[in-house]
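The values are calculated or read from the model by the stated rules, or taken from the named source; none is laboratory data. In this text the structure is predicted, and so the values were computed from the model without any measurement. Here Cβ is always computed from backbone atoms with ideal geometry, including for glycine, and neighbour counts include all displayed protein chains. Protein only, heavy atoms only, side chains kept; ligands, DNA and RNA dropped before computing areas. Shrake-Rupley method; radii C 1.70, N 1.55, O 1.52, S 1.80 Å.
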Amino acid sequence: KAQLFDKGDTTNKVTFKDVAGLAEAKQEIEEIVSFLKNPLKYTELGGKIPKGALLVGPPGTGKTLLAKAVAGEADVPFFSMSGSDFVEMFVGVGASRVRDLFRQAKEKAPCIIFIDEIDAVGRARGKNPNMGSNDERENTLNQLLTEMDGFGSNSGVIILAATNRADILDKALLRAGRFDRQIHVDLPDVHERKQIFNVHLRPIKINETVDVNFLSRQTPGFSGADIANVCNEAALIAARKNKSFVEKQDFLDAVDRIVGGLEKKTKITT
Ligand code: ATP
């Protein structure tokens, strides 16, 4: 089974420079960087630093990237786990993993704990009785709530969690003192897609036929992850044709391929 969390990894630092677009989300999350870097500035006046924030938005829009960038900017360790890892856990294991994670994080404070797909554990209790082993999920959720309440708000541990469904989360998670702040991370518009292309074109050898403005107009509805995918696919397509540069047509072929993939995904889910 895959490792549940990075053990406070500070290598491969991600910073705000790696996150294109998302100006508003970056601005909101900047405050958390400041809390981590300079806690006394806030607590000396009697304020309580928030324990957590929820990053809400569609898949692939950069929520994980943004959480990593907070750790990178504040230069603190990054612990992460995914809610979906707990779904098939044996009885008692989910809760003890949560306990473990918080114990390790407290030792390394200041730091970030990132919980991806929090809806997998944090779905409202008592709903969907047919999905997964519900008792175990509830135990894990209860442990998470206990841990969040158990440490002081000025402990230096800030918990970021990501979801694309804030509406299905248990209200207990959203209560004051827990994830009481939401930061929206939406699909990029045409200007933001251009910025994301610019980030992911950096390592690609392109020739003058490639026009970033054109590419960003050709990709409405694409997420940052889709755009990263297009750039990589285009490079592979060109390489397969033994080209020494990646050209406009390779990008168009890559876009077609990704659109095909997206259509298939939609068919399955609807
Ligand atoms: P999920 O909900 O599926 O976990 P996510 O919102 O956490 O997705 P990330 O894992 O952060 O998305 O994004 C996946 C990859 O897509 C990133 O590693 C990066 O390469 C690219 N990407 C996404 N958004 C951006 C962005 N705003 N700027 C640059 N790259 C991006």
Label-to-label distance, nm, for residues given as residue 242 and residue 151 (7 Å Cα→Cβ offset): 5.7
Amide proton proximity set for residue 206, modelled H, under 5 Å, gap of 5+: 246
Surface share of carbon and sulfur [accessible, 1.4 angstrom probe, percent] for the chain: 51
Summed residue charge, Cβ within 14 Å of residue 156's Cβ, Lys/Arg positive, Asp/Glu negative: +4
Point-to-point label distance, residue 263-residue 212, nm (Cα→Cβ direction, 7 Å offset): 3.0
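Below 15 angstrom from the Cβ of residue 51, what's the summed charge of the other residues (Lys, Arg +1; Asp, Glu -1)?
Working: positive: 48, 106, 175, 178, 181; negative: 31, 147, 149, 180.
Summing Lys and Arg as +1 and Asp and Glu as -1 gives +1.
In the structure shown, do any of 63/205; 13/241; 68/106 have a Cα-Cα gap over 24 Å, and if so which? The partial results should precede the final answer.
Values: 63/205 28 Å; 13/241 34 Å; 68/106 18 Å.
Listed pairs above 24 Å: 63/205; 13/241.
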Spatial separation of Cα centroids for the stretch 21-64 and the stretch 227-250, in angstrom: 37
Under 5 Å, built H, 5+ apart or other chain: amide partners of residue 182: 54
Å² per residue, accessible surface of the stretch 189-270 at 1.4 Å: 60
Candidate aspartates and glutamates for bridging to residue 37, where Cα separation is under 19 Å - those fewer than 8 sequence places away on the same chain excluded: 9, 28, 73, 75, 107
Nonlocal amide H pairs with residue 111, under 5 Å, H built at 1.01 Å: 157, 158
